[in-house]
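This report refers to the structure that appears directly beneath it.
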Amino acid sequence: MTSLSEDEAVAPRVADQAGPARAAGAALLCPSCQSPVASSERFCEACGADLGPQPAAVAADAPVAEAPAPAAPQAAAAACHECGGEVAADGYCTQCGAAAANARHHFTEQPAPWVAAVCDRGVRHVRNEDAVALAAGPHAGGHAVLVVCDGVSSSTDSDVASLAAARAARDLLAGGPRIGNTDSVGTRVAASTKALVLAADAANDAVVAATTAGPGNPASCTFVAAVIDGKELTVGWVGDSRAYWLPESGAPRLLTVDDSFAAEQIANGVPRADAESGPQAHAITRWLGTDAPDHTPRTVSLDLDGPGWLLVCSDGLWNYCSEAQDLAGVVAAQTRSAGSEPLALAGALVDWANARGGQDNITVALARVGAGPPHSTAGTTRPIAVSSPEPVPSREEVQTDGNILS
Amino acid sequence: MATFSADVYQNEFLPDGGTDVHAIVTVACSGAGEAGRSGSGDAAEIVIVDTSGSMSGENIAAVQVAASAALDQVLDGVWFAVVAGSNQAWLAYPQDGRSAMVQMNATTRAQAKAAVAGFRAQGGTAMGTWLTLATRLFAAVPSATQRHAILLTDGYNQHESPEQLSAAIEAARGRFQCDCRGVGSAWQVAEVRRIATALLGSVDLIAQPQAMAADFEQIMRQSMGRGVADAAVRVWAPQGSQVLFVRQVSPTVEDLTTRRQEVNALTAAYPTGAWGDESRDYHVAVRLPAKAVGQEQLAARVQVALGDEVVAQGLVKAMWSNDDTLTTRIDPAVAHYTGQAELAEAIQDGLAAKAAGDTDTATVKLGRAVQLAEETGNEEATTRLRKIVEIEDAGTGTVRLKRSVSKLDEMALDTASTKTTRVKK
């Protein structure tokens, strides 16, 4: 089902990273729902639970970052996390009835010290249909891939689909060819853009593969992928998950333009605050999935020549701080209390959104670009290209919206 | 080989601080096979008919036809007997002096029908003695794991005390199932219902003697189609919780709560008798200690057990949420059957109040019954209620008691009160 990328640069790594419970070769059960799972599967076909960490290396020849702590309990029969009683095959404690811990509800990734993400169910939703997948080289400012997908809640299995999509895209981007520093700007942008288009294809394939056959709403999700390669940042997206660049100095920027009804209204002059609180504020106009009219990502590239935060998130966060300036303020405030360690900061931002109601699933992925908070080096960040590969629906004219890449 | 399924219909979302979880569990059985032929033991049937003096004439003739029709439905190899009841119980068949049941075959069937043809109406009515004889006969056939009887009466239990009847019922409980029928209007629904409820059977009115044969035939055919001798519904509820009630809600309303048999500290079994290819709905209500918003937990495991083996399970869940759109929704199945159970209670209470001369209470209760029948789309109940009350406004339950009401119509409403309509899922 998972339709993993067979890319040679990735596949061997997957095997290498397999945890002991997988390598044992015995019949494996999903730690969340106890359904049988194959050792090659990364998440449960039945419930979508994460079956273990899959940190991807950035390239076959790059040193691999220390594997993070497992995000999911191992497949062995677990004791109840509430009362210590025995958890039955149906996934609930035989004594107190507590549901077995569901790793899908809250998980983190940190492939390298400078790149981290937290993905959380939020307060109001029953499932966590958000997903995140990261890859990073060990050295800050080297190479990193951050992918966030937000499952469309009206569709079935979108929690499974979003995770499959995020990981498929991450794997493809992490395993792709390095862009040589000697290449021209134009060549580098073209290569990055092509990689994002292929990543969206892989993510879309994964969503389609995760979709249950038969009638009903086919699984679907949003897509945003950000690739840092030295000073180059390239972002591609479909839907309303976002990427922001929050430099140490200079104006914070929203890099993406939502494929949403609200964004269309904004393009037509409706104030952002009004458009994003309207009745159809969360209706997206493009997505990944079987019924997606078009899943070609719109892309944007940036030259990062100063330190700052790259923040990739789902609407569970930006609902509470849509404007780049507002988000930068929240990040600054959380940095003061939680520090600037990326995983701690991502967790603090998720907690912040939950404290505001947690109306939706929340995903925050962060990459620290440049050194730790320095004094102003007055870096100028220069948009170098915006691309939108064919075919382009007419509504994508909003991509050149001046308030995005001013 | 019989297979069972258990499907749960509920709204698992509870508001902040919410404690009570309600669920409808549909238990379905397929591939049940035939009574005594599914490898889990023999089947045994006893036909118990009232041959008291009041039965003379049309009724005794109808009973002879009906008993004969029932015997025709009993499968070869099934153990059986015929009991004739008056102020004492007589073993009408077999009369070989051994006072024991025999297996059905062409010879015994012919002999039994000849014995039935010789019934004479005489004596009084002491149903406890009939049950006691049946209990003894069943006990003498240890190979029979599926034990069922039909009991027919036409009068009230005037020749023994209520205590004597209660003792006989208690001695029979768990030993056999008994479907009970009353013919005419001289028997008491509440009294016969007591027998049927304790012995996991149905109670119904046969208004006209000539309808008896078809009814007997149907009861016996249904019993022969029950290849699963004995199943129990088990309910597990978590530590610190309380099972508020367990109620069968379809095809009839039966409160099972008091039939609780402890399996272990957290699990109780509720006997449901024999099963054919059919489905029955159960309403389970559990009270939990409230958990924090966002928490999920299991409120009940509802299982079907054959002996010690659990053959199906449905999970009743609880999930605390502060999303009003989730927590305020009432599951349609729960709403429907809650209304149907209240309907049965309102009819029975209303008729009891009417019988006691309490017109005000009867009007209120039967008015509520009319309203509930309307709301839950139980047209059969509405039709029966219409014979007892004048309906002014079904929506508000405004009714007037009719001045003259047929006793049979009242009894028909009473016996049918527990029959429910299925919810449209």
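The values are calculated or read from the model by the stated rules, or taken from the named source; none is laboratory data. Bear in mind that the values here come from a model prediction, so they are computed numbers and not experimental data. In this analysis, Cβ positions are derived from the backbone assuming ideal geometry, glycine residues included, and neighbour counts consider all displayed protein chains.
Scanning the range B:301-317 for residues that are touching a Gly at 6+ places or on another chain (Cβ under 8 Å) and under 30 Å from A:D120 (Cβ atoms) yields one hit, B:R301.
The set of residues in the range A:80-93 that are facing chain B (nearest Cβ under 10 Å) and within 14 Å of B:G240 (Cβ to Cβ) comprises A:E82, A:C83, A:G85, A:C93. Looking only at the range A:122-142, filter to residues that are in contact with a Lys or Arg (Cβ under 7 Å, 6 or more places away or on another chain) and at pLDDT 90 or above; which one of those is surrounded by the most Cβ atoms within 10 Å (Cβ to Cβ)? Here the answer is A:A133.
Looking only at residues in the range B:314-336 that are under 26 Å from B:T421 (Cβ atoms) and buried (at least 17 other Cβ atoms within 10 Å of the Cβ), the one that is farthest from the other protein chains (Cβ to nearest Cβ) is B:H336.
Quick grid of which residues meet (1) surrounded by 14 or more Cβ atoms within 10 Å (Cβ to Cβ); (2) over 24 Å from B:D154 (Cα atoms):
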site	(1), (2)
B:E374	yes, yes
B:T383	no, yes
B:T415	yes, no
B:T420	yes, yes
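For first residues located in the range B:122-139 and at positive phi and among the aromatic types (F, W, Y), partners that are in a helix (DSSP H, G or I) and buried (at least 22 other Cβ atoms within 10 Å of the Cβ) and lie 6+ apart or on another chain with Cβ distances below 7 Å do not occur.
Mind checking which residues of the range B:101-118 are in a helix (DSSP H, G or I) and of a type in the set (S, T, N, Q)? It would help to see each step written out before you state the result.
From the range B:101-118, those in a helix (DSSP H, G or I) are B:106-117; that's our starting set.
Correct list: B:T107, B:T108, B:Q111.
Output yes when any residue across the range B:215-227 is within 14 Å of chain A (Cβ to nearest Cβ) and part of a loop (DSSP other than H, G, I, E, B), and no when none is. The answer is no; no qualifying residue exists.
Checked against (1) within 30 Å of A:R127 (Cβ to Cβ); (2) more than 14 Å from chain A (Cβ to nearest Cβ); (3) buried (at least 19 other Cβ atoms within 10 Å of the Cβ), B:W275 passes all but a single condition, namely (1). If you filter the range B:281-309 down to residues that are more than 16 Å from B:F4 (Cβ to Cβ) and basic (K, R), you find that the one that is surrounded by the fewest Cβ atoms within 10 Å (Cβ to Cβ) is B:R287.
Got a number for residues in the range B:170-186 being crowded, with 19+ Cβ neighbours inside 10 Å and touching a residue at least 40 places away in the same chain (Cβ under 8 Å)? Write out each step before concluding.
Narrowing the range B:170-186 to residues crowded, with 19+ Cβ neighbours inside 10 Å: B:172, B:176-184.
Cutting the leftovers down to touching a residue at least 40 places away in the same chain (Cβ under 8 Å) gives us B:172, B:176-179, B:182-184.
Residues meeting the conditions: 8.
For the residues B:V302, B:V293, B:V311, the requirement of being farther than 22 Å from B:P332 by Cα and within 12 Å of chain A (Cβ to nearest Cβ) singles out B:V293. Just give me the residues in the range B:364-406 being under 25 Å from the mean Cα position of the chain (by Cα), of a type in the set (A, V, I, L, M) and outside any helix (DSSP H, G or I), in sequence order. Of everything in the range B:364-406, just one residue is under 25 Å from the mean Cα position of the chain (by Cα), of a type in the set (A, V, I, L, M) and outside any helix (DSSP H, G or I), namely B:I388. Output yes when any residue across the range B:343-363 is of a type in the set (V, I, T), within 14 Å of chain A (Cβ to nearest Cβ), surrounded by fewer than 21 Cβ atoms within 10 Å (Cβ to Cβ) and over 24 Å from the mean Cα position of the chain (by Cα), and no when none is. No; the residues of the range B:343-363 include none that is of a type in the set (V, I, T), within 14 Å of chain A (Cβ to nearest Cβ), surrounded by fewer than 21 Cβ atoms within 10 Å (Cβ to Cβ) and over 24 Å from the mean Cα position of the chain (by Cα). Scanning the range B:230-241 for residues that are in contact (Cβ under 8 Å) with a residue 60 or more places away in the chain and over 16 Å from the mean Cα position of the chain (by Cα), we see that the one that is nearest to the other protein chains (Cβ to nearest Cβ) is B:P238.
Confirm whether B:T396 is farther than 25 Å from B:R193 by Cα and without any contact (Cβ under 8 Å) to a residue 12 or more places away in the chain. Working first, answer last.
Details: farther than 25 Å from B:R193 by Cα: yes; without any contact (Cβ under 8 Å) to a residue 12 or more places away in the chain: no.
Considered against the rule, which asks whether it is farther than 25 Å from B:R193 by Cα and without any contact (Cβ under 8 Å) to a residue 12 or more places away in the chain, B:T396 comes out as no.
B:A211 fulfils the conditions (1) among the aliphatic types (A, V, I, L, M); (2) buried (at least 22 other Cβ atoms within 10 Å of the Cβ); (3) farther than 19 Å from B:G276 by Cβ except for a single criterion, (2).
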